[in-house]
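Here is the structure we will look at.
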Amino acid sequence: NPASAASPVSATVLADITVKGRVVDDKGSALPGVTVVVKGTTIGASTGSDGTFALTIPSTVTNPVLSISYIGFAPQDVPVGGRTDISVTLREDAQKLNEVVVIAYGEQSQKTLTSAVTQIDGEAIGRQTVATPGEALAALAPGVAVQSDQGGAPGAPPTIVIRGGTSLGTSSDPLYVVDGYPLQDAAQFNLINPNDIDNISVLKDAASTAIYGSRAANGVVIVTTKRGKSGQTRFALSSYTGIQRISKKLDVLHRDEYIDWQKDRARQAAFPNAPGALPPVFLNDPGSLPDTDWQDEIYRDAVIRNVQLTASGGTEKARFNVSGAYFKQDGVLLGSSYDRFNLRFNLDANLTSKLKIGVSVAPSLGIQDRQAANGAYNQSGGSANNGTRAVPNATSLALLQSPALPVFIANGDYGTPVNQVIGANNTKFYTDNVFNPRQTVDLNQNTFTSYRVFANTFLEWSPLPGLRLKTAGGGTLTTDNQSAYIPATMASEAARGANLSTPVLSSVYARESSNQAIDFLWENTATYDKQVGDHHFGLLGLFSLQKFRARNTATSARPGTVTTNLLENPLGSPDRIGELTYDQNAFRSYGGRLTYDFKKKYLLSAALRTDGSSRFGPNNPYAVFPSASLGWRVSEEGFWQGIKPVMNELKFRASIGQTGNANIGSFNYLNTMAGSNYSFSGVRTYGYIQRGLGNPNLTWEKNQQTDLGIDAGFFGDKITLTLDYYNRETTGMLLNQTLPGAFGFATSYRTNIGGLRNRGLELALGTTVNLGPVRWTINGNISGNRTKVLDLGGVTSLPPEASVFGWNNSYQLIVGEPLGNMYGFQVLGVYKNQADLDAYPYAGIRGLGNWIIKDQNGDGIINESDRVKIGKGVPDFLYGLNQTFTYKAFDLSLSLQGVQGRDIIQGNIRQFYTLASNGTNITREFYKNTWSPDAPDVETRWPRIAAGGYNPGTQLTDRQVYDGSFLRVRNLTVGYTVPATLLKRVKLQSLRLYATGQNLFTFTRYPGYDPETSINGGSLITPGLDQSSYPGIRVFTGGLTVGF
Amino acid sequence: YGCKDFVNLTPQDIIPVSGFYKTEADLQAALTGTYGSMRNVYNGYFQFTELPSDNTRSINSSEVTYGPFDKLTWLVNNNNISGAWNQHYTVIAGANVTLGHADDVSYANPVNKTQLVGQAKFLRALMYFNLVRFFGDVPLVLTELKSQAEALDLVRTPAAQVYAQIEKDLADAEASLPLSYTGANVGRATSGAAKALLGKVYLQEKKWPEAEAKLAEVVALTQYQLLPDVNNVFGVGKDNNAEIIFACQYFSSGNGEGNSFAYNFAPANANVTTVVAGSTNLGTKDLNDAFEAGDQRKAAFLVASGTGNATDYYAKKFVYNVLAANEGDNDWPVLRLADVVLMYAEALNNNGKTALAIPQINRVRTRAGLAAKPLTLTTADTQLAIEQERRVELCFEGHRWHDLIRWGKATSTMLAFKTKYATLDAANGTMAPSVTKELFPIPQVEVLLNSKLTQNPGY
């Protein structure tokens, strides 16, 4: 190949030559916008609408070669050979099934693959304006569910579940492998710059994953980052800037309506705690009160920005790809933001013809400012806490806080229920723990910084053709710091009256924590590839050691000891508490794999892995995971040849294997001594008490999965189809077995008892359509997963779980039933008259305007036995449709994401309903649909104010469960590639301008902020629960990519 | 190479049980840990011993937490009941393990072992006394349970047998414990505490002669005194005073090892303290009205806030301006001399020694600034005088409910209370007193786990 020559030095002086030509497809149609470059130079041109191009080759270039490339077509190199008019026919690159896909410990041709693997092109990930690669995976691969944890919280990684979760007692996260390195957790994956990703392979069935043994039960996500290719060094600068906005506001009452509502309440004697205590100003002079839109006070239009500079290139001997990126996302919620800095340096070098090395170094820094946006209004839940302290939830408060309260009062303080004593008789009208949301987001400080260095090197020796011996060593060093600070001026449950002029020093909270983790891997593989006649063999042997150590330290100010608000860290206290915890685990693994095919027609693969892990109890130190798969390419048979023009490819494949889930925690098999101090006469005395029940049998969760698949291609792979059916059964599922209380030291212990089944179908379809000059690529996928609880360790159900506080028994796990079902009561309507009261049984206090609850068992009593299934948190199916259009220099891509057949419990309703007696606000929908004695015959969704019996405050019913299905225009990108002819003058190689809309439209019947929400993240037991999580966002960006 | 060891890791931050119980210090630490686990028991004790009675109420009655105890509407699946069951058995398990390993180590001084064993037995007896009063028959566990199977094999031991074990443990404790401790050991169980608890156990069993004899021994001990001023018995800085025989010790050191009741009982929305907390245990109007005119204890034990029917009566005995939820510094008195004196009077009166009983009542009355009862009272009137005195003297301390049960008056008192106060607070109309409520249900989760555990009648 003459083009590989470096800059030629020629003594011969020749004249520049001008070459023109035309590029057509195989039907002879002109192809516009084709890039034509003189190989080894920056000289290039684009074809016009008639497919013609013209460029000048300087005399310094010897043996010039034109590189002709166009999206969707196979690139061609055409030697000029002295010609000045060159016509080129490009052939469509419809070789989808011929592509090589990344699998565990290697690559394999898609044609001979016998397992279920979906490969996602990095381009589909990189074009999305999201903070984490995890978010970008939504709707791109069948069987991959991406559940955002907190709506649009900047930098919050989603939970990814492949083919349904397998574990109720621990995480169902897949294993992430980056450039061959198995990561400890998903957080490390989500620190990768999405634009550095070349491709992602999702390994789904046991045959593809079992080689990762005890960590493979939930599938494997293999990330390959971009690596250098030999050739001239190419620089690219890409950048986008945009604006984010909450995708919708909820319609709560404005001041005047709010006051009407409060008057209604007062009239209906609904203020048990403060009878008749409507503030006089509500009646006398409502116009003097502010009309605050609290949502406007805490949400903003926020900037999102990304800048990246990449250089790649090299020689045949050494190739590199270096990138640096800065991503910035301010949160639409005040006080939240995410900034991420990434560097990546990938180097590959051939030391000799048989010896190759590779180095990857990728430092990254993520800085996230978090605000509580999850759970109850006064006490956020779980991950939304600041340090160890629950803080008020601003997203919830913005809906609940009275519009008649000012944001600030005259002295500069925040307007709060405490400084608004406006009830009758000078009593408080508002509950003092419904805080000012603006005060929370302004003052609450909760910063996470994640610093990570990932480094991996390998040395590969090929002593014989087909044989490769590779040793790889690498490590990740992670430092996660959290800095939490709640100033004395922020009101919270610990200091309800705190304000700017009334700081409460005793409530100052300051905590700094640091988690340092080091993980290292030494992995050795030997692969041998051999073709003997029609027989092709591939062999893999591996041995690896991986060890993880983490140390978590934290310092906090002892409560009540801070005497100044000046220093924002624990040093502000003269008395501090330290914490120190460790974690460690180690894996020692070996295994092997055989792949075999005969004439690429009959395919076989088998693998075996043995894992030893420190996590397993001493009675079960080692685990063995076998797998096997078979494939038959019917289309290679002689009898098929007549069909081949229509259906060029048909492959049947089947696989079976066992995998494990080792996410069982470290040293969980031990029972321990826990500190239990006492004070004798005011002197602290240190003591211990036993905790837990030792379980030396503790082991990995076992999964057995079978997969039946079909890969098909039509009309020369113009249309491709992949269909998979799988059945995965989990046994020995880690569950907490409840112990009798009389045991004393534990009420439960972890053991392997449960069984769970996941079954599903996955379909992926792809096609490319050429409509004249328009090229249209469509990739669609749809998948459905069905779960069934097979065993809960002898009991038929586990203790039911509440959804939000007060709605008990909402989620039940029952043998024979799927996961995530919602249980509650069915509401038939409201009691509108005496006839209704006589006709229907009631629970608790009887009265007009109460809900009529369906007496399911007809026993005339409304009680717990009338609770029925009223919703399902796990969707029926997920689908995605990704399309790209190219027309001349324009390109357009459109990604749709769909979730169908999933319900959401709207937990805010409980707060609206129960707090209303304390002067909080409510949605207009709720107000307009509340039963009123003024119109007793009107059927309403909600019962009367302060209803008795089963009401939205006490019970979950079908009225609080909404259809959470949605179809979302996830990404729409329009791009324009400036013709190379125009760029020549400014010495640029390429320039593309584009505009992107992320989450542009969502079609749903769900009335909350975002149907994608789930405050329990990827929980399998309590999915589909919304109580004021971070609102969904819509993002508009414009960007450019410059090559030079 | 040492590949095999690669996955044999030693935990850095946990102490496996297998390495413990090797030295005397380990055993002492295990005993301290057992005392430590008792803190939970007395933080929540008021729910089961005060709220069901006519003495106190909870402002949280509409919510799931305390309302059922106030209104006697608890169900078999009540979490607080199963929580209390578990907390008591944690202390028992700690005591059992301490006793089980007591012979495994050598002691610097033989008396150390005697006292270690005595304290563990005292704690075990105290917990079983609570359990048998709460639940009736309960599984009697006296050794460490080492497997799930053992725990699932338990059955309910008849109450009489549980009482017999309590008496035996207390007799052993009485014999092996010192009369008092000095310095940083003050607060450990003493022989006086064992006597007083044994007397209380006998009284609850209505073993009047045994109760009289044992309580007489306590009354005769000189180190216990009724303080001249009742205001000095309770409050921060007054722990372990001469009137206290045994208390659950709490200490606020910013480590969450203080009590939670001081914070929980604090006002939810009044201005008694600057703390805004739970109001989980408030005196009722009935308790307030029960104090005789001139009774100094009314001002010492109650603090009224609000007006008219909306008045709340806070438990001044326990409430102070505590800043954090688990940082209350004051102790929970389990046994104190005023209780013993009144129990002694009750035992005497039931043994036909009314004339000897009345002076004991008067010891308590006169301290409160009230006139002495005449020595001519009948036995029945003396019983009523004892009931009145116990109610006001020991209010909020966790005696009322089981006193009412012992006197056979729990259900009748609460039915009368419901009728009388239904108009004051409509929520009282939902009260459901009945004889079945005199025992709590065996927690539903226990019955579901182990079908050999029968449920109490009526649940």
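Throughout, read-outs are computed from the coordinates displayed, never taken from laboratory work. Keep in mind it's a predicted model, so treat the numbers as computed, not measured. As a convention, Cβ positions derive from the backbone with ideal geometry for all residues, glycine included, and neighbour counts pool all protein chains shown.
Between the stretch B:272-325 and the stretch A:658-720, how many Å separate their Cα centres? Each part's Cα centre sits 49 Å from the other's. To test your reading of the geometry: what angle, between 0 and 90 degrees and rounded to tens, separates the Cα axis of helix B:79-101 from the longest principal axis of chain B? So the helix axis and the longest Cα principal axis differ by about 50 degrees. Each residue of the stretch A:814-830 was assigned a 3J(HN,Hα) from its phi angle through the Karplus curve 6.51 cos²θ - 1.76 cosθ + 1.60 (θ = phi - 60°); the sequence is 10, 4, x, 9, x, 7, x, 6, 9, 10, x, 9, 9, 9, 8, x, 10 Hz, with glycine and proline shown as x. Which parts of the stretch A:921-952 would a label at A:Lys263 reach, counting a residue when its backbone N lies under 15 Å from a point 7 Å out along Cα-to-Cβ? Under cut-off, by backbone N: A:934. Based on Cα contacts under 8 Å between residues 6+ apart, the stretch B:250-330 shows a relative contact order of 44 percent. About its Cα centre, the dipole of the stretch B:250-330 is roughly 100 debye, where the only charges are +1 on Lys and Arg Cβ and -1 on Asp and Glu Cβ. Pairs over the 31 Å Cα-Cα cut-off, from the set A:Lys854/B:Lys409; A:Lys248/A:Lys928; A:Lys226/A:Lys470; B:Lys207/B:Lys238; A:Lys229/A:Lys651: A:Lys854/B:Lys409; B:Lys207/B:Lys238; A:Lys229/A:Lys651. Across chain A, the mean sequence separation of Cα contacts (distance under 8 Å, 6 or more residues apart), normalised by length, yields a relative contact order of 12 percent.
Placing unit charges on each Cβ (+1 for Lys and Arg, -1 for Asp and Glu) gives the protein assembly as shown a dipole about its Cα centre, and among B:Tyr42, A:Thr767, A:Asn499 the Cα reaching farthest toward its positive end belongs to A:Thr767. Summary value for chain B: 19 percent relative contact order, contacts being C-alpha pairs under 8 angstrom separated by 6+ residues. Distant-in-sequence amide contacts of A:Phe408, defined by a placed amide H-H separation under 5 Å and a gap of 5 or more residues or a different chain, comprise A:Gly415. Close amide H contacts of A:Asn378 (hydrogens built in the peptide plane, cut-off under 5 Å, sequence separation of 5 or more or a different chain): A:Asn393.
Label positions at A:Asn857 and A:Thr60, each projected 7 Å from the Cα along the C-beta direction, are separated by 9.1 nm. Computed from the C-beta positions of A:Ser353 and A:Gln704 and an R0 of 35 Å, the FRET efficiency is 0.20 to the nearest 0.05.
Taking Cα atoms only, the orientation of helix B:110-135 departs from the longest principal axis of chain B by about 50 degrees. Other residues within the sphere of radius under 9 Å centred on the Cβ of A:Val303, judged by their own Cβ, net out at 0 (K and R +1, D and E -1).
Annotation: lysines with alpha-carbon distance below 18 angstrom to A:Lys428 (same-chain offsets under eight excluded): A:Lys263.
Mind giving me the FRET efficiency for A:Thr449 and A:Arg924? R0 is 45 Å, r the Cβ-Cβ distance, nearest 0.05 is fine.
Numbers: r = 42 Å, r/R0 = 0.92.
Efficiency computed from Cβ-Cβ geometry: 0.60.
A cut-off under 11 angstrom between Cβ atoms defines the neighbours of A:Tyr1009, and their net charge, with Lys, Arg +1 and Asp, Glu -1, is -1.
Here A:Lys984 is the anchor, and the lysines within straight C-alpha reach of less than 21 Å, apart from those fewer than 8 places off in the same chain, are A:Lys20, A:Lys39, A:Lys888.
As an exercise, use a Förster radius of 35 Å and the Cβ-Cβ distance of A:Asn727 and A:Lys599 to find the FRET efficiency, rounded to the nearest 0.05.
0.70
Per-residue Karplus couplings for the stretch A:302-314, computed as 6.51 cos²θ - 1.76 cosθ + 1.60 with θ equal to phi - 60°, are listed in order as 10, 8, 10, 8, 9, 10, 9, 10, 10, 10, 8, x, x Hz, Gly and Pro entered as x. Name the residues of the stretch A:856-886 whose amide N is less than 18 Å from a point 7 angstrom out from the Cα of A:Val974 along the C-beta direction? Under 18 Å, as judged by backbone N against the label point of A:Val974, lie A:883-886 of the stretch A:856-886. Taking the Cα centre of the protein assembly as shown as origin and assigning +1 to Lys and Arg Cβ atoms and -1 to Asp and Glu Cβ atoms, the resulting dipole is close to 2600 debye. Stretching A:Gln900 away from A:Thr553 to a fully extended chain increases their span by 120.5 nm, per 0.36 nm per residue minus the current alpha-carbon distance. Each residue, A:Thr563 and B:Leu142, gets one label point 7 Å from its Cα in the Cβ direction; the gap between the two is 5.6 nm.
For the protein assembly as shown, compute the orientation-averaged projected area of the C-alpha convex hull (one quarter of its surface), in nm².
62.3
Counting every other Cβ atom within 10 Å of each residue's Cβ, A:Val361, A:Val161 order from fewest to most as A:Val361, A:Val161.
With a cut-off of 13 Å on the backbone N, the residues of the stretch A:928-955 near the modelled label site 7 Å out from A:Ala835 along Cα-Cβ are A:937. For the stretch A:709-724, putting each phi into the Karplus relation 6.51 cos²θ - 1.76 cosθ + 1.60 with θ = phi - 60° gives couplings of x, 10, 10, 9, x, 10, 6, x, 6, 5, 10, 10, 9, 10, 10, 10 Hz, in residue order, rounded to whole numbers and with x for Gly and Pro. For B:Asn281, the residues 5 or more places off, or on other chains, whose built amide H falls under 5 Å of its own are B:Ile59.
Cross-link list B:Lys71/B:Lys298; A:Lys600/A:Lys644; A:Lys788/A:Lys872: which exceed 18 angstrom alpha carbon to alpha carbon? Display every interim value, and only then the final one.
On the way: B:Lys71/B:Lys298 25 Å; A:Lys600/A:Lys644 16 Å; A:Lys788/A:Lys872 13 Å.
As for pairs spanning more than 18 Å Cα to Cα, those are B:Lys71/B:Lys298.
Taking Lys and Arg as +1 and Asp and Glu as -1, the other residues whose beta-carbon sits under 13 Å from that of B:Met431 total +1.
Straight-line cross-link reach from B:Lys22 at under 30 Å between alpha-carbon atoms covers these lysines, not counting any fewer than eight positions away in the same chain: B:Lys4, B:Lys113, B:Lys121, B:Lys146, B:Lys168.
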